[in-house]
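Since the structure comes first, as structure tokens, the remarks are kept for the end.
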Amino acid sequence: MITLNLRIFKSMLLPRNATVEEYLAPLFKYAPKHVSIKQSDEPLKKGEPLLGFCLTGGTEAPFLQAALENPENPAIILVHNRANSYASGCELAARLNYEHKIGKRAPCVFCSINDEQSVKSIIGAAATASSFAKKHPNLGVIGDPSPWLIASGYFAEKLPGMYNIDLTKIKIEELVQKSVETNVETALEQIVKNYNLDAFTVRCFDLLPHKITSCLEVSKFNDKGITAGCEGDIASATTMMIIRSMAQSPVFMANATGFEDGKATFAHCTIPRTLCTDSTVDTHYESGLGHAVCGRVKEGQWTLAKLGANGDLMTEVVDVKNPSEISPHHCRTQIVVTPPKRLTKKLQRGEVLGNHFLFVPGNIRDELRIFSEVFKQWKPIQ
């Protein structure tokens, strides 16, 4: 459960028979189930959203004062359909948008709590931003990023910090030594504990000379609630952490493997088994060593996403199915994706943000877009 702090701004214009609880009811009804909203005036952490509710008209000035006192905190203007709340929010949005355009404060986003989809997406994005600002989750990079990740490795090492994620570098030799002494899963558990990691990405191909792999272990950690990625891919691991927080689900990290007849194919050896209807354990695709997951996924609507090194976002809702048969030319778990037209064009032209794409069941496209646009770390122009 993620807790969001809410500030309520009201004036003497509150109708005589109205109550705060009555006006707030739609917000609590439509907010994501994993988000708890509580009234609080406690100081904000750097980057934590300023979540404010215009209970009535005449609340522009006190909300503006709070926003100007917290210039590095994105503002969420919550309004409703009564008591001139909406008008108050519109006036406030005009001023805060101006303050952002001239470089004086972070962005703002406007949300009517009577609009279910807006509440779901904006509060979902804000909850992740608030959680990260308060905790600064720790992403461990175990070994250097793989040398082929020229866009997603160290080139992207500033990306986690943009969203209040800390980065910890760990030598691959530590994992190798511990794995040889015990096993890969135990070694990773020790590293997660010793470095207080909330997530990790591992340079897995450096394990192959020792006749060991980490594919099955990465799958297990994702199922246990610790986000885990492959190849030292910093951009993908960062995206996975954000998606997990929003969707409350493990994430499938996969290579793009081809595009034909309007269908895109993706594959990898590390799918979390909770995303599968059934699965078997095979060997790692490239090496034929160790253990990897060959799964049949839960078909239906999934969200595809990837953050680039500078915080650019690529995301769409896609239809995901299992292939009629497993190809011997790709990683063990394979999916067939029917993309919308705009994603089709990007895939055909290579207008993408790396070789790895992230998938999660359901639709969190709007949450991701709002998060990437509004809740990136921001500093005022001096």
Just to compare against my own numbers: the Cα pair-distance distribution for the chain, 20 Å bins, whole % per bin, please.
28, 51, 20, 1
Give me the one-decimal nm value for the distance between modelled label points at Tyr195 and Val281, 7 Å along each residue's Cα-to-Cβ direction.
2.5 nm
How many nm separate the modelled label positions at Arg82 and Lys345, each set 7 Å beyond the Cα in the direction of the Cβ?
4.6 nm
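Which order, highest average first, do 349-357, 132-140 follow once you tally other Cβ atoms within 10 Å for each residue and take the mean per peptide? The partial results should precede the final answer.
Details: 349-357: 17.0, 132-140: 19.6.
Answer by packing, highest mean first, reads 132-140, 349-357.
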If the label point sits 7 Å along Cα→Cβ of Tyr30, residues of the range 331-369 with amide N under 16 Å come out as 366-367
If you place +1 on the Cβ of every Lys and Arg, -1 on the Cβ of every Asp and Glu, and leave all else neutral, what size is the dipole of the range 2-135 about its Cα centre, to the nearest 20 Debye?
240 debye
Sequence neighbours fewer than 8 away in the same chain don't count; with that in mind, list the aspartates and glutamates whose C-alpha is under 15 Å from Lys101.
Glu72, Glu373
Could you rank the peptides 226-235, 5-14 by their average count of other C-beta atoms within 10 Å per residue, with the highest value first?
226-235, 5-14
Per residue, the convex hull enclosing the Cα atoms of the range 2-135 spans a volume in Å³ of 93 Å³
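Between Asp144 and Lys211, 0.36 nm times their residue separation minus their Cα-Cα distance comes to what?
Details: separation 67, 0.36 × 67 = 24.12 nm, distance 1.94 nm.
Full extension of this stretch gives 22.2 nm more.
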With a sphere of radius 13 Å drawn around the Cβ of His100, what net charge do the other residues whose Cβ falls strictly inside it have (Lys, Arg +1; Asp, Glu -1)?
+3
To the nearest 10 degrees, the tilt of helix 234-247 (Cα long axis) against the first principal axis of the alpha carbons of the chain is 60 degrees
How far apart, in nm, are the 7 Å Cα→Cβ label points at Val336 and Asp319?
1.1 nm
By how many degrees, between 0 and 90 and to the nearest 10, does the Cα long axis of helix 172-181 differ from the longest principal axis of the chain?
60 degrees
At 222 nm, what value in deg cm²/dmol follows for the chain if DSSP H runs of at least 4 each add -39500 (n - 2.57) and the sum is divided by all its residues, to the nearest 500?
-10000 deg cm²/dmol
Please give the length that would be gained between Glu72 and Lys169 if that part of the chain were fully extended, namely 0.36 nm times their separation in residues minus their C-alpha to C-alpha distance (nm, one decimal).
32.2 nm
May I ask for the angle, rounded to the nearest 10°, between helix 85-101 and the longest principal axis of the chain, with both axes built from Cα atoms and the value confined to 0 to 90°?
60 degrees
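All of the numbers you see were taken from the coordinates with simple rules; none came from a lab. The shown structure was predicted, so the numbers you read here are calculated from the model rather than taken from an experiment. As a convention, Cβ positions derive from the backbone with ideal geometry for all residues, glycine included, and neighbour counts pool all protein chains shown.
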